[in-house]
1. Of these, LYS80, LYS63, LYS42, LYS12, which one is modelled with pLDDT under 90 and of a type in the set (Lys, Arg)?
2. Starting from segment 59-83, keep only residues that are closer than 22 Å to LEU23 by Cα and among the polar types (S, T, N, Q), then list their pairs with residues that are in a helix (DSSP H, G or I) and modelled with pLDDT of 90 or more whose Cβ atoms are within a distance under 7 Å, requiring at least 6 positions of separation or different chains.
3. Consider ILE108 against the criteria (1) outside the structural domain of ILE140 (by TED's automatic domain parsing); (2) within 22 Å of the chain's Cα centre (by Cα): it satisfies all of them except one. Which criterion is unmet?
4. Report every pair of residues separated by at least 6 positions or lying on different chains whose Cβ atoms are under 7 Å apart, first residue within segment 1-24 and in contact (Cβ under 8 Å) with a residue 60 or more places away in the chain, second surrounded by 12 or more Cβ atoms within 10 Å (Cβ to Cβ) and among the charged types (D, E, K, R).
Amino acid sequence: MSLKTTIDAQIKAAMLAREQGRLMALRDIKKLILLEETKEGKTGELTTEEETKLLTKAAKQRKDSADIYRQQNREDLLEKELAELTVIEEFLPKQLSEDELRAKLEEIKARVGASAPSDMGKMMGVATKELAGLADGKAISAMVKALLA
């Protein structure tokens, strides 16, 4: 089942349950999907990879906004962003744990032959493609730095 179909079903369920916060977050996700599908040069259907990239971007935006609201002591807006982030994360693939991430990066390190900090770019290129949606870019970068240090 496509993400769009799943979101539509979830929207109906949220409407019936009268969950306004969840409903708004689901409608935002649907809006993002529709905008992406109707972009110039698109075929109309998104691939699973494109859906994951779209949701990852939306989750990152919510995290960044939540950080800003936390710094400004805006609890009302912070709660809204965190609630939307929770809904978005339901549809993202499970994130790798620190140990799983380390194991994957060590395997990539051996495959590309990286051994010094100067090989970080080569390793990051492969890692970000393979681990897209499975780990945060900042976490990947920090772990690669630690492995190559």
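The values are calculated or read from the model by the stated rules, or taken from the named source; none is laboratory data. Bear in mind the structure is a predicted one, so any value in this text is a computation, not a measurement. Because the Cβ atoms are built from the backbone with ideal geometry, glycine has one as well, and the counts that use them run over all protein chains shown.
1. On the way: LYS80 fails: modelled with pLDDT under 90; LYS63 fails: modelled with pLDDT under 90; LYS12 fails: modelled with pLDDT under 90.
Every option except LYS42 fails the conditions.
2. SER65/GLU81
3. (1)
4. Close Cβ pairs satisfying both conditions: LEU3/GLU51; ILE7/LYS30.
Here is a yes/no grid of residues against (1) part of a helix (DSSP H, G or I); (2) under 18 Å from the mean Cα position of the chain (by Cα); (3) small (Gly, Ala, Ser):
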| residue | (1), (2), (3) |
| --- | --- |
| THR56 | yes, yes, no |
| ASP67 | yes, yes, no |
| LEU82 | yes, yes, no |
| ALA114 | no, no, yes |
| LYS122 | yes, no, no |
| VAL144 | yes, no, no |
